[in-house]
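*Asks:* Here's a structure for you.
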Amino acid sequence: MAMIVVILFALLLLALAVVAYGVALYNGLVGVKHQVDQAWSNIDVLLKQRHDELPKLIDVVRGHAGYERELLDKLTTLRARAGSGAPDAQRLAAEDALTRGIGRLLATAEAYPDLEASTSYLELQRRISGLEEQIAHRREYYNAAVNLNNVRMEQFPDVLLVGPAGLIRRPLFAAEAQERADVNVGALLAR
């Protein structure tokens with residue numbers, strides 16, 4: 001009889017250990033999911049600030065006749081397309097294109113001395129450049145959180161609890177081909 005009690009007690013302890021392990025795995029997966037959401041929210045705050053600042057910069061630049069009208073129109077269109085919402089592949093691509101457009105806008109302003117001398121332009125340029133730098137840092141954190149999320153979705157035994165924990169595969173905030181290409185500095189200096 002004592003042997004049966006010991007076996008039952010051992011089975012009970014084993015069952016409790018399995019349940020505790022399952023709860024710990026589930027809670028870890030939920031934490032990973034919320035870490036990705038938090039990382040995206042951190043980026044989203046900066047993207048909203050950038051979307052608020054960009055029209056002001058475009059208005060200042062439009063005030064200077066002859067300035068890159070096509071680029072300004074493209075930035076306005078990209079800003080509208082980027083909008084807001086979840087970090088799906090389409091939104092991430094639009095935000096990347098907007099980042100490149102802002103970089104072109106700030107770089108081509110050097111050809112317009114009266115624009116570069118404008119105090120409002122310089123202040124907006126400084127604020128948007130600062131936002132772009134913060135976005136870059138937060139993209140790194142977001143990509144680390146997404147990578148952890150996507151890895152945990154494929155690992156065993158985590159894969160058994162992915163559905164109940166609500167994990168979904170998330171896209172990385174990746175650079176496009178033109179952003180990975182070498183920059184021809186000589187051609188840029190020859191302008």
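The values are calculated or read from the model by the stated rules, or taken from the named source; none is laboratory data. Note that the coordinates shown come from a computational prediction; the quantities given were computed from them, not determined experimentally. Counting neighbours? That spans all protein chains shown, and the Cβs are built from the backbone with ideal geometry, glycine included. Calculation scope for accessible area: heavy atoms of the full protein, side chains included, ligands and nucleic acids excluded. Shrake-Rupley method; radii C 1.70, N 1.55, O 1.52, S 1.80 Å.
*Asks:* Considering only residues that are charged (D, E, K, R) and open to solvent by 50 Å² or more (accessible area, probe 1.4 Å), look in the stretch 26-53 and name the one that is farthest from the chain's Cα centre (by Cα).
*Replies:* Per the criteria, the residue is ASP52.
*Asks:* Got a sec? Which of ALA10, ALA2 is hydrophobic (A, V, I, L, M, F, W, C) and either surrounded by 10 or more Cβ atoms within 10 Å (Cβ to Cβ) or in contact with a strand residue (DSSP E or B) (Cβ under 7 Å, 6 or more places away or on another chain) (or both)?
*Replies:* After applying the criteria, what remains is ALA10.
*Asks:* Which pairs turn up if I take residues in the stretch 127-150 that are over 29 Å from LYS56 (Cβ atoms) and look for partners that are at pLDDT 90 or above with beta carbon separation below 6 Å, at least 6 apart in sequence or on another chain?
*Replies:* Final answer for the pair search is ALA145/GLN35; ALA145/VAL36; ALA145/ALA39; VAL146/VAL36; LEU148/VAL32; ASN149/VAL32; ASN149/VAL36.
*Asks:* Take VAL23 and tell me if it is crowded, with 18+ Cβ neighbours inside 10 Å and modelled with pLDDT of 75 or more.
*Replies:* Details: crowded, with 18+ Cβ neighbours inside 10 Å: no; modelled with pLDDT of 75 or more: yes.
So VAL23 does not fit the description; no.
*Asks:* Just for the stretch 131-176: of the residues that are over 10 Å from VAL36 (Cα atoms) and of a type in the set (Gly, Ala, Ser), which one is surrounded by the most Cβ atoms within 10 Å (Cβ to Cβ)?
*Replies:* So, considering only residues that are over 10 Å from VAL36 (Cα atoms) and of a type in the set (Gly, Ala, Ser), the one surrounded by the most Cβ atoms within 10 Å (Cβ to Cβ) is ALA165.
*Asks:* Let me ask something additional. Only one of (1) aromatic (Phe, Trp, Tyr); (2) modelled with pLDDT under 85; (3) not in a loop (DSSP other than H, G, I, E, B) fails for TYR142. Which number is that?
*Replies:* (2)
*Asks:* Shifting gears a bit: Do we find a residue being of a type outside the set (Ser, Thr, Tyr) and over 25 Å from ASN27 (Cβ atoms) anywhere in the stretch 139-146?
*Replies:* Yes, the stretch 139-146 has at least one match.
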